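No lab work stands behind these numbers, since they all come straight from the coordinates. Computed from a predicted model, the values in this text were never measured in an experiment. In this analysis, Cβ positions are derived from the backbone assuming ideal geometry, glycine residues included, and neighbour counts consider all displayed protein chains.
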């Protein structure tokens, strides 16, 4: 299996985590192209879903990520065969 690394750079509060959670929300269900993403770890999946829900359905956006909270995310692309 191929592994690709993606780095997101930007100042605190610019929306990197919000972008990641929105991307995951869109790509975590299988679409017409026959693939979807899984995030490794239940807690990370819950965190991404919580951030997306806050942005999509509440008026306040989440606070910017603190330096101690910077994390790595590992996704698996699943393809229907």
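Assorted remarks:
- Scattering profile of the stretch 16-60 at q = 0.20 Å⁻¹ [log10 I(q)/I(0), Debye over alpha-carbon scatterers]: -0.64
- Over the chain, relative contact order from alpha-carbon pairs under 8 Å, at least 6 apart, %: 37
- Rough spin-label spacing in nm, given labels placed 7 Å along Cα→Cβ, for residue 29 and residue 12: 3.5
- Annotation: peptides 34-41, 13-20, 72-79, ranked by per-residue average of other Cβ atoms within 10 Å with the highest first, follow the order 13-20, 34-41, 72-79.
- With R₀ fixed at 22 Å, the C-beta to C-beta distance from residue 65 to residue 5 puts the FRET efficiency at about 0.70.
- Normalised size of the chain, defined as Cα radius of gyration per 2.2 N^0.38 Å with N residues, equals 1.16.
- Taking the longest Cα principal axis of the chain as reference, the axis of helix 16-27 is set at about 30 degrees.
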